[in-house]
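Structure, as C-alpha cells:
None of the figures in this text is laboratory data; all of them are computed from the coordinates on show. These figures come from a predicted structure and were not determined experimentally. Here Cβ is always computed from backbone atoms with ideal geometry, including for glycine, and neighbour counts include all displayed protein chains.
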Amino acid sequence: MENKLEQLFQVDSEEWLTTLPRYQQIRIKQLVDSTNSYEEAAKQWLNAMPENTFPFGGAEQARNISIEKVRDEIEQFLSGDEKYGDEHKQLLSSSEVLQKTLVSSVSAAIAPVIGTAAAYIMPVVVLVFMTMTKIADQPIVIAGQSSNAVLLSESDWASVQETLYLLSVPGMRESIREGMATPIEDCARELEW
Amino acid sequence: MLYSSLANIVLAVGRTGANGVSLLGTATLLNSPGKFVTAAHVTNKDEQNLVVVVKPDNSIINDYQDTSNYQVEMIPVRIEAIDTFTDLCILSADIDAFSNISMGSTDILNFGSVVDIFGYPHAVHGRLVLTHQRTEIGARILIKNGIVKTKQVVLNTQARPGQSGSPIFCAYTTFMVAILIGSYAPGGGGGLLVAGVDPHTLHQTTHAVSVEYVREML
C-alpha cells in the first residue's frame with residue numbers, strides 16, 4: 001500500500017465511523033458496541049433481515065454478500081490490482097487523500113464488482129478499515145543484524161509504563177489478586193477512608 | 001395533501017434487462033427533488049439497471065387503467081441510502097420533480113386507526129395497476145432485526161408481492177406514516193410454495209415500518 005494511503009490508517013480506528021452518513025454511524029456504532037468485534041458487526045450488517053416477515057417485493061433471489069468477498073476486493077483495490085487500476089490511479093493523483101475520499105472511492109469501485117450499491121457496502125468498507133487500523137496498532141518487530149527492536153504505539157507504551165509502576169509498589173500485585181478473588185457479596189458496602 | 005395527485009407520486013420500481021423491465025415493488029416520490037422511498041429488499045441491495053416506472057397515460061388516479069397498455073417510461077435511479085435493519089431505502093434520480101407529501105410516524109396511530117395504502121399488488125407478475133386499499137391498524141409492534149428493534153404496524157388487510165414499498169397514509173391527517181414491507185410469516189416464510197404462493201402469507205397480518213426512520217436517511 002502506498003505511503004499516501006498508509007498514513008490514513010495512523011488514526012484512532014473509531015475515526016473511520018465519521019466518514020459514514022449519520023444514520024449509518026449510529027447503526028454501526030450499535031453493532032460494534034453489542035458485538036465487540038468489527039468483523040461480527042460487518043456480518044450482522046450484511047445479514048440483516050426483519051424477523052418473521054415475508055417480503056412482498058422483488059422476484060429476485062435475495063443477494064447474500066460475504067465479508068470475505070468484500071475484504072478480498074478491498075485488498076485488490078489497495079494493492080493497485082489491474083482490475084481497479086484506473087480508480088486507484090485517480091485516487092492517488094489527488095493532492096490530498098482524506099479518509100472519506102478513500103471510503104467513497106473504494107466503495108464505488110468494488111460495489112459493481114460485488115453486485116451491490118456503494119451506499120450499502122460503505123459501512124462494511126469502514127469496518128474493514130477499522131480492523132486494519134487496529135492491526136496497525138500492534139507492535140512492529142524491526143529485525144536487526146545482531147538483535148531485533150519493537151516499535152509500539154504511544155498509548156501502548158504509556159500503558160506498559162503504568163503497569164510497571166503499579167507492580168513496583170510493594171504488595172500491590174497481591175492486593176489486586178486478592179481483590180479480584182473476593183466474591184461480590186463479601187465486598188464492603190461502605191468505604192472507611 | 002390530496003390523494004388525486006398520487007398517480008404521479010406512487011410509482012413502480014423495476015430492473016431493466018434483456019427482456020424489458022421486471023417490476024419489483026412500489027416507490028413514493030418524497031418532498032425532496034428526485035428522491036423516492038421504497039423497501040430495501042425491493043432493490044435486492046443492487047442498483048444496477050434499477051428504474052422507477054411511469055405509465056404516461058395514467059396521470060389521473062380515478063381514470064380506468066388500461067391493463068393491456070404496456071407502454072411505460074423509465075427513470076434510472078441509484079441507491080442513495082439504505083438500511084436493511086429498518087428495510088428502508090432512498091432512491092435518487094436526476095429529476096427536479098418532488099411531491100407535497102408530509103411525513104409523520106406510526107406514533108400518531110392507534111389500533112383501529114384508519115389508513116390508506118397505495119401500491120402495485122402483483123407487480124412482480126407484470127401487473128401495473130395503482131391500487132388503493134383502506135384498512136385499520138391491528139396493532140403497533142416492535143420487530144427485531146439482529147440487535148435492532150424497529151417500530152412497525154400491523155395492517156388488517158392482505159397484501160401481495162409488488163406492494164413492498166407502498167406508502168401508508170393516515171386517513172385522518174393524510175400524513176404518510178409507514179412503508180409496507182411484507183407480511184407475518186413464521187421464520188420468514190419461503191419454505192413451502194403452492195403454485196408459486198407461500199400459504200404462510202395468505203392472511204391479513206401485513207407489516208409496515210414507521211417512516212420516522214426515512215427522515216434520518218435524507
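Over all distinct alpha-carbon pairs, what is the Kirkwood Rh of the protein assembly as shown in angstrom?
One over the average 1/r among Cα pairs gives 24.1 Å for the protein assembly as shown.
Can you tell me the order of A:33-42, A:125-134 when each peptide is scored by its average per-residue count of other Cβ atoms within 10 angstrom, highest first?
Highest to lowest by the protection proxy: A:125-134, A:33-42.
What number, rounded to the nearest 500 deg cm²/dmol, is the helix-based mean residue ellipticity at 222 nm of chain B, given -39500 (n - 2.57) per DSSP H run of at least four residues and division by all its residues?
Computed mean residue ellipticity for chain B: -1000 deg cm²/dmol.
Sort out for me the Cα centre separation of the stretch A:26-89 from the stretch B:121-137, rounded to whole Å.
If we compute the Cα centre of each part, the gap is 32 Å.
Averaged over B:36-44, how many beta carbons belonging to a partner chain fall within 10 Å of each residue's beta carbon? It would help to have the intermediate numbers written out before the result.
Working: counts 0, 0, 1, 5, 6, 10, 5, 7, 11.
Averaged over the peptide's residues, the number is 5.
Counting other Cβ atoms within 10 Å, which GluC sites (Glu not before Pro) in the stretch A:41-97 have at most 13 and lie in a DSSP loop?
A:E51, A:E96
Assigning unit charges at the beta carbon (Lys, Arg +1; Asp, Glu -1) and nothing else, what dipole magnitude in debye, to the nearest 20, does the protein assembly as shown show about its Cα centre?
Around 1300 debye, computed over the protein assembly as shown.
Residues of the stretch B:30-44 with the amide nitrogen closer than 20 Å to a label point 7 Å from the Cα of A:N47, along Cα-to-Cβ, please.
Residues B:41, B:44 qualify, since their backbone N sits under 20 Å from the label point.
Over chain A, one equal point on each Cα, no solvent: what is log10 I(q)/I(0) by the Debye formula at q = 0.13 Å⁻¹?
Relative scattering, expressed as log10 I(q)/I(0), comes to -0.86.
For chain A, take the longest principal axis of its alpha carbons; what is the angle in degrees between that and the long axis of helix A:172-181, to the nearest 10 within 0 to 90?
It works out to around 70 degrees.
Can you order the peptides B:124-130, A:98-104, B:204-210 by their average number of other Cβ atoms within 10 Å per residue, highest first?
Peptide ranking by packing, descending: B:204-210, B:124-130, A:98-104.
Tilt of helix A:118-136 relative to the longest C-alpha principal axis of chain A, in degrees (0 to 90, nearest 10)?
40 degrees
Taking R0 as 51 Å, what FRET efficiency do you get between B:A97 and A:E154 from their Cβ-Cβ distance, rounded to the nearest 0.05?
Rounded to the nearest 0.05, the efficiency is 0.40.
Can you give the calculated 222 nm mean residue ellipticity of chain A, where each DSSP H run of n ≥ 4 adds -39,500 (n - 2.57) and the sum is split over every residue, rounded to the nearest 500 deg cm²/dmol?
Numbers: 9 runs with 108 residues, N = 193.
Roughly -17500 deg cm²/dmol at 222 nm, from the helical runs in chain A.
Starting from the Cα gyration tensor of the stretch B:1-83, take the square roots of the eigenvalues, sort them a ≥ b ≥ c, and report rounded, prolate or oblate (rounded when a/c is under 1.5, otherwise prolate if a/b is larger than b/c, else oblate). Don't jump to the answer; show the numbers that get you there.
On the way: a/c = 2.28, a/b = 1.22, b/c = 1.87.
Cα axes put the stretch B:1-83 in the oblate bin.
Order of A:106-118, B:34-46, A:17-29, A:170-182 by packing, highest average Cβ count within 10 Å first?
Highest-to-lowest ranking by the protection proxy: B:34-46, A:106-118, A:17-29, A:170-182.
Tell me which lysines have Cα within less than 24 Å of B:K151's Cα, excluding those fewer than 8 residues away on the same chain?
Output for B:K151: A:K29, A:K43, B:K35, B:K45.
What average number of partner chain Cβ atoms lie no more than 10 Å from the Cβ of the residues making up B:140-147?
5
Taking chain A as the reference, fit the longest principal axis to its C-alpha atoms, fit the long axis of helix A:99-114 to the helix C-alpha atoms, and give the angle between the two in degrees, 0 to 90, nearest 10.
Between helix and principal axis, roughly 50 degrees.
Suppose every K and R has +1 on its Cβ and every D and E has -1 on its Cβ; what is the size of the dipole of chain B about the Cα centre, in Debye to the nearest 20?
For chain B, the charge dipole is close to 460 debye.
Only four residue types carry charge here, +1 at the Cβ of Lys and Arg and -1 at the Cβ of Asp and Glu. Report the dipole size of the stretch A:1-91 about the Cα centre in Debye, rounded to the nearest 20. Intermediate values should be presented prior to the final figure.
Working: 10 positive and 18 negative charges, 78 e Å.
Dipole of the stretch A:1-91, to the nearest 20 debye: 380 debye.
Starting from the Cα-Cα distance between A:A188 and A:S79, subtract it from 0.36 nm times their residue separation and give me the gain in nm to one decimal.
33.5 nm
Aspartates and glutamates near B:K149 by alpha-carbon distance under 14 Å, same-chain residues fewer than 8 away left out - which ones?
Excluding near neighbours in sequence, the set is A:E51, B:D83, B:D87, B:E212.
Specify whether the C-alpha gyration tensor of chain B places it in the rounded, prolate or oblate class, a ≥ b ≥ c being the square roots of the eigenvalues: rounded for a/c under 1.5, otherwise prolate if a/b is larger than b/c and oblate if not.
Because its axes are fairly even, with a/c under 1.5, chain B counts as rounded.
Round to the nearest 0.05 the FRET efficiency obtained for A:T101 and B:E216 when R0 = 22 Å and r is the Cβ-Cβ distance.
0.35
Over the whole of A:119-125, what's the average partner chain Cβ count within 10 Å per residue? Rounded to a whole number, please.
4
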